[in-house]
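**Student:** Dropping the structure in here first, questions after.
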């Protein structure tokens, strides 16, 4: 329960809407009970009256009040159901907005190292799935049992008015049933439903392994064994799922059987009481049908509560992520950005990248290229300089000031950093560029696009600057996306520039043209260039290889 | 499963009939309650049958769905294998894995619930209608009129919902992806100081998403409202008709023959008449989810990046002493052939370097020999056998390493390898000291993609597998291309040891040091092979 507390608190900020939503669900449910019970009573009462008339007795029977009641319930049931669904989905989508913005703000505080640990697509998808799970918390786990509880209390209360003992007996029986279908079901299915996400993750990992190693596995003739292993994993996942589904099916059968047994108890009980003359035959029918209609409210509970374990696990994962804190403390008394923009890495250690006691200086207004293979750790230097991460030991300085004495915002405003991985937003080309400088004229946008040799291509697009970039830049080729990201850095026009493998994915001729275009722009700035080979980078005042740097 | 569903419905019909009978006997006939033992036993029996048949119905559906999903998974694995590594290279493994895991799971509801419910939605109302018809044909007529109207109205509403949702599908898709997109690009947003703006955007977009979605939902929910309306109205009409009939206000048709028994019986059956249709409507989204998934699953285009692999019946011809390719022609659809007419013969134990500019077809030739792609023309035999008949060692530019221990990584390719053999293989590639320095020896975990190892160490670890699977033919595709000079030297050292071990080796490379190891160098230029 503790895992869900923060999310319940968030949901409860919409208390008024939630109450109205629950009332609407209740109205739907009670109309269904009312419709069936009243119809049953009406038919029985007419039957009894007809019998009396046939016996020659003159008894009055008002057909209009119950008839009106039946029509009323038929109408309210329809209207309440429609209104309820619209209203509650509106509420849930509102909650989704809250959940997402809460979570986004939590993530946005994180530093580069923590974020890169989290970046795997798998994690991201799980994040959205987890949030989706939580946003249905109310519609599945909160409102339905509450409404079912009120239904039970109402129906049994009415029965108790006619006959106290019968009402109390049925009330007790139904409350026990309700507990079994909610708490009991949740506990019984907890382990199986909580384990499912992990099982799916494991399947995904195994299948990705097979795909990535398809060449080696095929060649070595071990593919069949790996396939069998994968199918075995899938089989055991399905086995566990079948176990869970069996429990749900048994829970649902318990709901049906429990309600029907209560119907029979109520039925024979009421007829027995009627025999004593305490209540009339038609009322006995009303009681029976009201109990029967309760089934509609209880039926969905086992299925929803079987997923409680999964919901709790989702909440626990999200809590973990919200609890991650940034490793980048902001200074209490921030210094201003110094005039001298000389960068100094002083005896820095970054354990996860294997960097130990590294010293490096980049004098203001000069350029430095560092050459090394992908993944060797040279990007870590750039991340240190942009303060996406802090070193485990040592200091990064700008002029005489340690970077952690500046506010993140002040410092990052000085740095234009083209990261190794191209990150484009799923918005228009113009909007992607405008991230760097929100108040830019179209003329300036075209200018930077010309510098990266993209102007002609964009000109040919039907919507030109307003063309949407696909998710992660998929509608642009790798090289075009790279150049758009580069253009964005150019537009920022910052005194410190870091380019990490800037010409990745560009063909030679284009890379050469772009290089010629941006070299004059780089002159006079403090520039850090990272790449595989010097010929893949703009000209630098000084060039170091990664192995030279480490020794 | 459909049978269980029908039994379930029949049990309810009995239940309703017996309830109506007992009420009729006690209230109208004035019989004593103690005389109703027979129907009471029948009622209990009906409850038991209904419970059991309900579990059976669910269970059969679940089992069938699990079977189908396992079958689809196995089918997909076969497809991957049939396409081979080269043809699949153009597709993201994350996407394919998502198909294999999530999209296949999305088929569950359709097979477990929707499909059988489709039959039940027809059969159950029909059997109830038959009973009601026998009781009172006029009441049956009310139900009959209401029932076909429901699918009709739902179809109408469904069509307009479809139009609406098509209109909004692009917009809604963009909005829904917005959050994921912003999270993915957090580093960029931080670097450009746009985090606060992005937070506001996320909130705003979720609001917009709500507006767009609600517009569609308003129409979509109309269909369930229509169903609810007809069900309610039908119950109300039946109740009124029976009530007035019992009072003798209706002289028309069968009404005068109504009794409290038949009246109550009909009333109890009326909601059950609509229940299967309502269930079907509830499971409708299962169908939509499954259709979406099926689109993705069928969507492996047949020949996107090459010709599909047709595994020949593996001929167990006589063993020979050479690897032979004759008049190979190979390429990819929509492009001119990469290999024009390539013939080669490599003797057992030879080390051959394959050189040539990038794009000249070196990888294609290696892929043909490994059996990853099917040549358009020509023949390949490896020591007299067809490619794929016997294990071949393969090593590409980037080693294939998984998140797991050293042992896991070695066993992946050589599942039966002994620990002693692993130590020997690691020694052969010069990793003995590295392993000795690991805290848990061979059980030390490696990061994903070999994180924690240098490029050269990772490549040598992959090379150690060659020793373990004891393949006669070793195919290497630019094994040192993405390495720095130091790692390169280490890998070349390990390759030398491999060459000395008497294996037959073909290496595509640019590297002079590797060419120097080779007995012979073949040059590939524009699809034509020449000795050097």
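Each reported figure results from applying straightforward, stated rules to the coordinates on display, with no laboratory input. Given the structure is predicted, the values throughout are model-derived calculations rather than measurements. Using ideal geometry, Cβ is built from the backbone for each residue, glycine included, and neighbour counts are taken over all protein chains shown.
**Student:** Please average, across the residues of A:148-159, the number of beta carbons from any other chain that are within 10 Å of each residue's own beta carbon, and give a whole number. Can you show the working numbers first?
**Tutor:** On the way: counts 0, 0, 0, 0, 0, 0, 0, 0, 0, 0, 0, 0.
Per residue, the average neighbour count from other chains is 0.
**Student:** Another question, if that's okay. Report the antiparallel proportion of the DSSP beta bridges in the protein assembly as shown as a percent, rounded to a multiple of 5.
**Tutor:** Restricted to the protein assembly as shown, the bridges split so that about 50 percent are antiparallel.
**Student:** Still on this structure, please answer the following. Thinking of segment A:279-421 as a set of Cα atoms, what percent of all their pairs are more than 19 Å apart? If you can, show how the numbers build up before the last one.
**Tutor:** Numbers: 6852 of 10153 pairs.
Counting every Cα pair in segment A:279-421, those more than 19 Å apart make up 67 percent.
**Student:** Just tell me how shielded A:80-92 is by partners: mean number of partner chain Cβ atoms within 10 Å of each residue's Cβ, no decimals.
**Tutor:** On the way: counts 2, 7, 8, 2, 1, 8, 6, 0, 0, 7, 6, 1, 1.
Rounded to a whole number, the mean comes out at 4.
**Student:** While we're on this one: Along the principal axes of its C-alpha atoms, what lengths does the protein assembly as shown span, in descending order and rounded to whole Å?
**Tutor:** Principal extents (Cα only, largest first): 120, 80, 56 Å.
**Student:** Over 19 Å, how big is the tail of the calculated P(r) for segment B:66-126, in percent of all Cα pairs? Could the numbers behind the result be given before it?
**Tutor:** Numbers: 851 of 1830 pairs.
Here the long-distance tail beyond 19 Å is 47 percent of all Cα pairs in segment B:66-126.
**Student:** Note down the relative contact order for segment B:1-61 as a percent, whole number, built from C-alpha pairs under 8 angstrom at least six residues apart. Show your work: numbers first, answer last.
**Tutor:** Numbers: 46 pairs, mean separation 37.8, N = 61.
Here the relative contact order equals 62 percent.
**Student:** Please report the Cα spread of chain A along all three principal axes, rounded to whole Å, starting with the longest.
**Tutor:** So the three principal-axis extents are 117, 57, 51 Å.
**Student:** With r as the distance between the Cβ atoms of residue A:276 and residue A:299 and R0 = 30 Å, compute the FRET efficiency 1/(1 + (r/R0)^6) and round to 0.05.
**Tutor:** Numbers: r = 34 Å, r/R0 = 1.12.
The computed FRET efficiency comes out at 0.35.
**Student:** Along the Cα-to-C-beta direction of residue A:456, a point sits 7 Å from the Cα; which residues of segment A:499-513 have their amide N less than 20 Å from that point?
**Tutor:** So the set is A:503-513.
**Student:** Looking at segment A:30-84 from every direction and averaging, what is the projected area of its Cα convex hull in nm²? Intermediate results must be reported in sequence, preceding the final value.
**Tutor:** Numbers: hull surface 14.4 nm².
The number I arrive at for segment A:30-84 is 3.6 nm².
**Student:** I would also like to ask the following. State, to one decimal in nm, how far the label point of residue A:240 lies from the label point of residue A:61, with both points 7 Å from Cα in the Cβ direction.
**Tutor:** Those two pseudo-labels are separated by 6.1 nm.
**Student:** Over segment B:322-531, what lengths in whole Å, largest first, do the semi-axes of the equivalent ellipsoid take, defined as the square roots of 5 times the eigenvalues of the alpha-carbon gyration tensor?
**Tutor:** Working: eigenvalues 188, 59, 51 Å².
For segment B:322-531, the ellipsoid semi-axes come out as 31, 17, 16 Å.
**Student:** Ranking A:12, A:457 by Cβ neighbours within 10 Å, fewest first, what do you get? Intermediate results must be reported in sequence, preceding the final value.
**Tutor:** Values: A:12 11, A:457 16.
Ascending Cβ contact count within 10 Å gives the list A:12, A:457.
**Student:** In degrees between 0 and 90, to the nearest 10, how far off the longest principal axis of chain A does helix A:442-451 point, with axes built from Cα atoms?
**Tutor:** Rounded to the nearest ten degrees, it is 60.
**Student:** Percent of alpha carbon pairs in segment B:2-298 separated by more than 30 Å?
**Tutor:** Values: 23815 of 43956 pairs.
Cα-Cα pairs of segment B:2-298 separated by over 30 Å account for 54 percent.
**Student:** Can you give the convex hull volume of the alpha carbon atoms of segment A:195-298 per residue, in Å³? List each step's numbers first, then the result.
**Tutor:** Numbers: hull volume 10.3 nm³, N = 104.
Looking at segment A:195-298, the number lands at 99 Å³ per residue.
**Student:** Here is a follow-up. Once you have the alpha carbon radius of gyration of segment A:1-63, what is it after dividing by 2.2 N^0.38 Å, with N set to its residue count? It would help to have the intermediate numbers written out before the result.
**Tutor:** Working: Rg = 23.1 Å, N = 63, 2.2 N^0.38 = 10.6 Å.
Scaled against compact globular proteins, the figure is 2.17.
**Student:** Now a separate question. Using a simple spin-label model with points 7 Å from Cα along the Cα→Cβ vector, what separation in nm is obtained for residue B:376 and residue B:408?
**Tutor:** 4.3
**Student:** Once you compute Rg and the Kirkwood Rh from C-alpha atoms, what is the Rg to Rh ratio for segment B:188-261? Intermediate results must be reported in sequence, preceding the final value.
**Tutor:** Working: Rg = 28.0 Å, Rh = 17.5 Å.
Across segment B:188-261, the Cα-based Rg/Rh ratio is 1.61.
**Student:** Using per-residue counts of other Cβ atoms within 10 Å, averaged over each peptide, order B:134-147, A:55-68 from highest down.
**Tutor:** On the way: B:134-147: 18.6, A:55-68: 10.3.
Ranking, from highest mean packing down: B:134-147, A:55-68.
**Student:** If I fit a long axis through the Cα atoms of helix B:485-500 and take the longest principal axis of the Cα atoms of chain B, what angle between them do I get, 0 to 90°, rounded to 10?
**Tutor:** Tilt of helix B:485-500: around 80 degrees.
**Student:** How much of the DSSP bridge set in segment A:343-550 is antiparallel, in percent, rounded to the nearest 5? Can you show the working numbers first?
**Tutor:** Working: 13 of 31 bridges.
Once the DSSP bridges in segment A:343-550 are tallied, antiparallel ones form about 40 percent.
**Student:** A follow-up question, please. In Å and from the alpha-carbon atoms only, list the Rg and Dmax of segment A:2-323.
**Tutor:** 26.5, 97
**Student:** Bin by bin, in steps of 10 Å, what percent of the Cα pairs in segment A:1-116 do you find, going until the bin that has the longest distance?
**Tutor:** 12, 24, 19, 15, 12, 8, 5, 2, 1, 0
**Student:** Let me ask something additional. Pull up the DSSP beta bridges for chain B and report the antiparallel fraction as a percent, rounded to 5.
**Tutor:** Numbers: 18 of 34 bridges.
Counting only bridges with both partners in chain B, antiparallel ones make up about 55 percent.
**Student:** Measure nothing but the geometry: give the 0 to 90° angle between the long axis through the Cα atoms of A:143-162 and the longest principal axis through the Cα atoms of chain A, rounded to 10°.
**Tutor:** 10
**Student:** For segment A:361-409, what size does the Cα cloud have along each of its three principal axes, sorted from largest down, in whole Å?
**Tutor:** Cα extents, longest axis first: 33, 26, 21 Å.
**Student:** Right, next: Taking 1 over the mean of 1/r across every pair of different Cα atoms in segment A:343-550, what Kirkwood radius in Å do you get? All intermediate terms of the calculation are to be shown ahead of the outcome.
**Tutor:** Details: mean 1/r = 0.0569 Å⁻¹.
Over segment A:343-550, the inverse of the mean reciprocal pair distance is 17.6 Å.
**Student:** Give me the compactness ratio for chain B, meaning the Cα radius of gyration over 2.2 N^0.38 Å. It would help to have the intermediate numbers written out before the result.
**Tutor:** Numbers: Rg = 35.7 Å, N = 532, 2.2 N^0.38 = 23.9 Å.
Normalised Cα radius of gyration, chain B: 1.50.
**Student:** Calculate the mean, over all residues of peptide B:230-241, of how many other protein chain Cβ atoms lie within 10 angstrom of the residue's Cβ.
**Tutor:** Values: counts 1, 5, 13, 5, 1, 8, 12, 3, 2, 14, 10, 1.
Average neighbour count from other chains, rounded to a whole number: 6.
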